[in-house]
């Protein structure tokens, strides 16, 4: 493979043109960020989306590493004087690193194996004679006696034959064609088999795997990770189950060309090579690849769930009361203004005596009335149900014009104890900062959740069992994608939010905030160039994603990049408007009507511009300052609590999707326990993954299939609810 072939290979994989791949790779090599390329270089890439661009980025890196490894292997084998035209062709034709490593295995420098020791003792010619299978008469021991050499440690003919068999075993086990054939056979036919190994009363969560077998090719990622966890805890013993005799016969059919005096010895050597060398290696490889694929799937699910959570619509304009529930330590309360400022904080005791509960009610009522609270956010942790019961009762008894919702509080305690929280809320006790975070998550989920390590936001499956470095990389990309999709208000953004803007690192983010503090709000995007360490290249990457509401130039509140301002003004002129139209309601309404009927292709041709860029600018001009999250339905709020005892099979309930996994969907519909929609109850239409049907934050109507109150389990059905409508 040559570097010039990479674009064509990736283009075939992604179903795009090689020119698109080559152009994208060039932009990436020049240091452009993925969000910037996806949004502002559509003409160059042929409108590849962000996911395709990331795929190009990953595959280019993989194939470049492959070519580098090809060169290293070619050089190593050549230096050993063992390169052949056939081997060179095979190395050049390899398209996977595994294929390359299989080809290199016989030539890889090794520790002193049994076969290596036998070669050092001069037994390689005997092994070659054995494999040649040309001798049909004679005594193997008599031939082996010629290789007896006490000085080299070969004392008997039997020892010579055993050493030669070791060489044959290693030679056969390292054949790339055999390894490839057996690898395919194991993937097609082998099973993962588990047995229970825990002491009495231990490892109860793994009882489903007491005597368990499942084909490798069908085993879903969540079960692979569960089995791995059980093995790590010494609760399960795991093996790759296969028909070893059939596998050995598959090899022997290729090795035994004809009957010879060495046939039985070869048969024994091949069996030994398979059992001692080849199968353990392939078992490790297959289980490693199963784990790798399962981790990729778990990380993918986590990433998709996180994206939906981050892009939940903000409930702007509310004064929010955040409640961080607790038993012994009490329920922490914080009242937050519509701009996120903490107005009041205290601790309530809702689960103690009636007297304490009465005091808490008086405190909450006073805070609601004093600060005009219109929304209450309740964390979903310990004592959440009791807190919800308290709030619902208060709303009902006093006919309050207030609604509440349950908020995923994962990571709130992590934020509370962080250096950032201390800087943001220096006057608050660490225990009260969690309530502030819960309230702010309602006002702007994205701005608040970026302050927390993505791994601490519990919307995945087995996130603690996967490659933490890869998980961190993927989740960072998800947050970066969400932040740049929504855009960031330059004059209010925290340093943490700014670090996810394309091209902005932590030091530049701090410099932006410091410049803002010292010089006042930014009036236009070009002032960013005055920020220390923010040069032209960084400005190019980040400027389009940073917004300035009420700035001097109305375009600064839109996703239009400064490099396209002249084009935007020309478009406005063509449509009969000026920049002032973006700031005047009546003119903006007329502009929106005009844009709706505009022909982007015609305008692009008239102005000598790219059609994708013209389309994007027209969309931005029609809705300046628009938050793309506005298109999503608002979160579900409630005024009344639902008790588990009130839920019966056949009831219809409405709730919010809390988490999506490979096996099903967890829905919060107002009881203490989330209900589970098993994947079999999601849809009558075929789908590959629950995420193809549903997403975190979706509001759904479900039919209750059954309630197991003793085990705290509620089974729901989405498809039956639709059938009953």
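Values quoted throughout were computed directly from the atomic coordinates according to the rules given, and no laboratory measurement underlies them. Because the structure is predicted, anything quoted here is derived from the model rather than measured. FYI the Cβ positions are ideal-geometry reconstructions off the backbone, even for glycines, and counts take in every protein chain you see.
By per-residue mean of other Cβ atoms within 10 Å, what is the highest-first order of 702-708, 301-307, 319-325?
Peptide ranking by packing, descending: 319-325, 301-307, 702-708.
Binning every alpha carbon pair distance of the range 644-724 at 10 Å from zero, what are the percents per bin?
20, 57, 21, 1
What is the antiparallel percent of DSSP beta bridges lying wholly in the chain, to the nearest 5?
About 75 percent, rounded to the nearest 5.
In the P(r) worked out for the range 320-466, what percent of Cα pairs fall beyond 25 Å?
So the pairs more than 25 Å apart make up 24 percent of the total in the range 320-466.
Kindly identify the range 411-542 as rounded, prolate or oblate by the Cα gyration tensor criterion: order the square roots of the eigenvalues as a ≥ b ≥ c, call it rounded if a/c is under 1.5, otherwise compare a/b with b/c, prolate if a/b is larger, else oblate.
The shape class here is oblate.
For the range 320-466, calculate the relative contact order in percent as a whole number, restricting contacts to Cα pairs under 8 Å that are 6 or more residues apart.
Rounded, it is 27 percent for the range 320-466.
How tilted is helix 18-29 with respect to the longest principal axis of the chain? Cα atoms for both, answer in degrees (0 to 90, nearest 10).
70
Any chance you could run the full-extension gain for residue 585 through residue 113? It's 0.36 nm times the residue separation minus the Cα-Cα distance, nm to one decimal.
My answer for the length gained is 161.8 nm.
Calculated FRET efficiency, residue 344 and residue 550, Cβ-Cβ r, R0 25 Å, to nearest 0.05?
Between residue 344 and residue 550 the formula returns 0.30.
Along the Cα-to-C-beta direction of residue 592, a point sits 7 Å from the Cα; which residues of the range 540-574 have their amide N less than 19 Å from that point?
549-550, 554-560, 572
Return 542, 482 ranked ascending by Cβ neighbour count within 10 Å, so the fewest neighbours appear first.
With the fewest neighbours first, 542, 482 line up as 482, 542.
By how many degrees, between 0 and 90 and to the nearest 10, does the Cα long axis of helix 506-519 differ from the longest principal axis of the chain?
That works out to roughly 20 degrees.
Starting from the Cα-Cα distance between residue 293 and residue 505, subtract it from 0.36 nm times their residue separation and give me the gain in nm to one decimal.
Extra length from residue 293 to residue 505 when fully extended: 73.2 nm.
Identify which of the listed values of Rg and Dmax of the Cα atoms in Å was calculated from the structure shown: (i) 33.1, 106; (ii) 35.9, 156; (iii) 29.3, 92.
(i)
Starting with the highest mean, order 129-135, 197-203 by the number of other Cβ atoms within 10 Å, averaged over the residues of each peptide.
The most tightly packed comes first, giving 129-135, 197-203.
What is the calculated FRET efficiency for residue 254 to residue 2, with r their C-beta to C-beta distance and R₀ = 45 Å, to the nearest 0.05?
Given R0 = 45 Å and the Cβ-Cβ separation, E is 0.85.
List the extent of the Cα atoms of the range 293-364 along each of their three principal axes, largest first, rounded to whole Å.
Here the Cα extents, ordered largest to smallest, are 56, 31, 13 Å.
For all pairs of alpha-carbon atoms in the range 1-60, what percent lies in each bin of width 5 Å, listed from the first bin to the last filled one?
P(r) for the range 1-60, in whole percents per bin: 4, 22, 37, 24, 10, 2, 0.
Say R0 is 25 Å: what FRET efficiency, to the nearest 0.05, do residue 218 and residue 285 get from their beta-carbon distance?
So the FRET efficiency works out to roughly 0.85.
Mind checking the angle between helix 157-173 and the chain's longest principal axis? C-alpha axes, 0 to 90 degrees, to the nearest 10.
The answer is roughly 30 degrees.
Determine the percent antiparallel among the DSSP beta bridges restricted to the range 321-388, to the nearest 5.
Once the DSSP bridges in the range 321-388 are tallied, antiparallel ones form about 75 percent.
Any idea what the relative contact order of the range 506-631 is, in percent, if you count C-alpha pairs under 8 Å spaced at least 6 apart?
Over the range 506-631, the number comes to 20 percent.
Sorted by average packing, counted as other Cβ atoms within 10 angstrom per residue and highest first, what order do 75-87, 528-540 take?
Descending mean neighbour count gives 528-540, 75-87.
Please tell me the relative contact order of the range 644-724 in percent, rounded to the nearest whole number, where contacts are Cα pairs under 8 Å and at least six residues apart.
35
Given 0.36 nm per residue, what is the gain on full extension from residue 599 to residue 688 after removing their alpha carbon distance, in nm?
Taking residue 599 through residue 688 to full extension adds about 28.2 nm, to one decimal.
Could you check the simple spin-label distance between residue 233 and residue 95, using points 7 Å along Cα→Cβ, in nm with one decimal?
About 4.2 nm separates the two model spin labels.
Run the helix sum for the chain: -39,500 (n - 2.57) per DSSP H stretch of 4+ residues, divided by residue count, reported at 222 nm to the nearest 500 deg cm²/dmol.
-15000 deg cm²/dmol
Quick one: 590, 441, 183, fewest Cβ neighbours within 10 Å first, how do they rank?
Ascending Cβ contact count within 10 Å gives the list 590, 183, 441.
When a footprinting reagent is the concern and you count Cβ atoms within 10 Å, what order do 409, 120 take, fewest first?
Final ranking by Cβ density, sparse to dense: 120, 409.
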